[in-house]
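Visitor: If you scroll down you'll find the structure; I have some questions about it.
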Amino acid sequence: MSQSHRKVGTAGGVSRETSSAEVSRETVLDTPIAREALQAVNVMNIHRERWPKPPDTRVITVANQKGGVGKTTSAVNIAAAMAMHGLHVLVIDLDPQGNASTALGVDHSVGTPSMYDVLLGDGKIVDVVASVEISETLFCAPATIDLAGADLELASQVSREYRLQRALIGLLDAGQDLDYVFIDCPPSLGLLTLNALVGAREVLIPIQCEYYALEGLAQLLSSIEMVKSYLNTGLTVSTVLLTMYDSRTRLADQVAADVRAHFGDLVIDSVIPRNVRVSEAPGFGQTVMTYDAGSRGAVGYLEAARELADRGRDGHAQAAQKSNDEETS
Ligand SMILES: Nc1ncnc2c1ncn2[C@@H]1O[C@H](COP(=O)(O)OP(=O)(O)OP(=O)(O)O)[C@@H](O)[C@H]1O
Ligand SMILES: [Mg+2]
């Protein structure tokens, strides 16, 4: 804070040396609107800051079988923030609800080439990918309502757990330039989520700072262990993200403390605040990063995404892998 600003802030303390131009500039910068404008400049990356690319494509499944904890919101907003900072990002919508496709403004009406064709037909991911308006480095493989029957339809198929993994290997072997792939899962531990866990290297678990937040986590973690043992030894829980944090409640702090005590360094330092702008954005086919770049929700996701990208560069994912391996050995 500058000297002149401090003078303005103290009661009756406008010094004679402070020019009126300085007073108005500093005063304006200290208003909520100015703060939001500054935040928006950061979120929209007006200064064209570039975040670090990971050494290899990071394929991250966003999973929690508990409904409404912020899986989709986290996947699309982190993906958008990364793409706005120069990274090449693909969001794979694996939820028949198609919420990620909606939030990214991508068509997912019946008949649209979608992840259904990839999992249950001859489609390749590259054939169903749509570009996303926010950024030329952001893409989405949409989900249509057809996926609702996929759990049952997949059940009788050969290699039913490996469908997505094979499609992803095909995509990456074809030399697609992707830094991050986020897979948005439905709220269940059925075959769609199983495909996502088998196809990914990392799992990101969003946890809502609410009652019963930790309930059901044991079941998710044991499913992940099962996948690691039998289907995808390279899988690791690399990231936990606290969502919908309401600073007015003591409960939110308690949940956050419990989660940090349990998951330690895996928990992203930035916490996503509960913010109405986040929940409004999908209604306009947008992420909060563009819908209201100056909002607290956008800033929360910007910081979380930045941390995830920094951890990727620092080899955090590999470190998490090592500690997960040590835990299970
Ligand atoms: N930080 C936030 N502040 C306010 N509302 C939020 C926030 N994050 C998510 N929401 C809202 O909470 C609801 C659930 O979020 P979201 O759809 O991301 O959860 P989900 O885990 O993907 O749900 P599902 O299990 O149904 O797929 C949505 O209406 C979303 O807009
Ligand atoms: Mg969802």
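The values are calculated or read from the model by the stated rules, or taken from the named source; none is laboratory data. All figures in this text were calculated on a predicted structure; none of them were measured in a lab. We place every Cβ from the backbone using ideal geometry, glycine too, and count neighbours over all the protein chains shown.
Visitor: For the range 58-68, state whether one or more residues are away from ligand 1 (no atom under 13 Å from the Cβ), out of contact with any helix residue (DSSP H, G or I) (no Cβ under 6 Å at 6 or more places or on another chain) and either modelled with pLDDT of 95 or more or of a type outside the set (Gly, Ala, Ser) (or both).
Guide: Yes, the range 58-68 contains a residue that is away from ligand 1 (no atom under 13 Å from the Cβ), out of contact with any helix residue (DSSP H, G or I) (no Cβ under 6 Å at 6 or more places or on another chain) and either modelled with pLDDT of 95 or more or of a type outside the set (Gly, Ala, Ser) (or both).
Visitor: Residue 181 is checked against (1) closer than 30 Å to residue 275 by Cα; (2) without any contact (Cβ under 8 Å) to a residue 40 or more places away in the chain and fails just one. What number does that condition carry?
Guide: All conditions pass for residue 181, except number (2).
Visitor: Here's something else I'd like to know. Check 79, 83 and return the single one that is crowded, with 24+ Cβ neighbours inside 10 Å, away from ligand 1 (no atom under 16 Å from the Cβ) and under 18 Å from residue 42 (Cα atoms). It would help to see each step written out before you state the result.
Guide: Details: 79 fails: away from ligand 1 (no atom under 16 Å from the Cβ).
After ruling out the rest, the residue left standing is 83.
Visitor: Here is a follow-up. Run residue 204 past the list (1) under 19 Å from the mean Cα position of the chain (by Cα); (2) farther than 17 Å from residue 63 by Cβ; (3) at pLDDT 95 or above and report the number of the one that doesn't hold.
Guide: Result: residue 204 fails condition (2) only.
Visitor: Follow-up question, since we're still on this one. Tell me, please, whether a residue that is more than 16 Å from ligand 2 (Cβ to nearest atom), touching a strand residue (DSSP E or B) at 6+ places or on another chain (Cβ under 9 Å), not in a loop (DSSP other than H, G, I, E, B) and not aromatic (Phe, Trp, Tyr) can be found in the range 34-54.
Guide: Checking the range 34-54: not a single residue is more than 16 Å from ligand 2 (Cβ to nearest atom), touching a strand residue (DSSP E or B) at 6+ places or on another chain (Cβ under 9 Å), not in a loop (DSSP other than H, G, I, E, B) and not aromatic (Phe, Trp, Tyr).
Visitor: Let me ask something else. Return the total of residues in the range 201-217 being buried (at least 18 other Cβ atoms within 10 Å of the Cβ) and not polar (S, T, N, Q). Spell out how you get there, then give the answer.
Guide: As a first pass, look at the range 201-217 and keep what is buried (at least 18 other Cβ atoms within 10 Å of the Cβ): 201-210, 213, 217.
If we keep only those that are not polar (S, T, N, Q) too, we end up with 201-207, 209-210, 213, 217.
Qualifying residue count, the range 201-217: 11.
Visitor: Turning to a different aspect of this structure: When the range 243-261 is examined, which residues are found to be surrounded by 13 or more Cβ atoms within 10 Å (Cβ to Cβ) and under 21 Å from residue 74 (Cα atoms)?
Guide: 243, 244, 245, 246, 252, 253, 255, 256, 258, 259, 260
Visitor: Show me the helices (runs of 4 or more DSSP H) found entirely inside the range 116-192 where at least 2 residues are under 19 Å from residue 102 (Cα atoms).
Guide: Numbers: elements: 125-128, 150-155, 163-173.
So the answer is 125-128.
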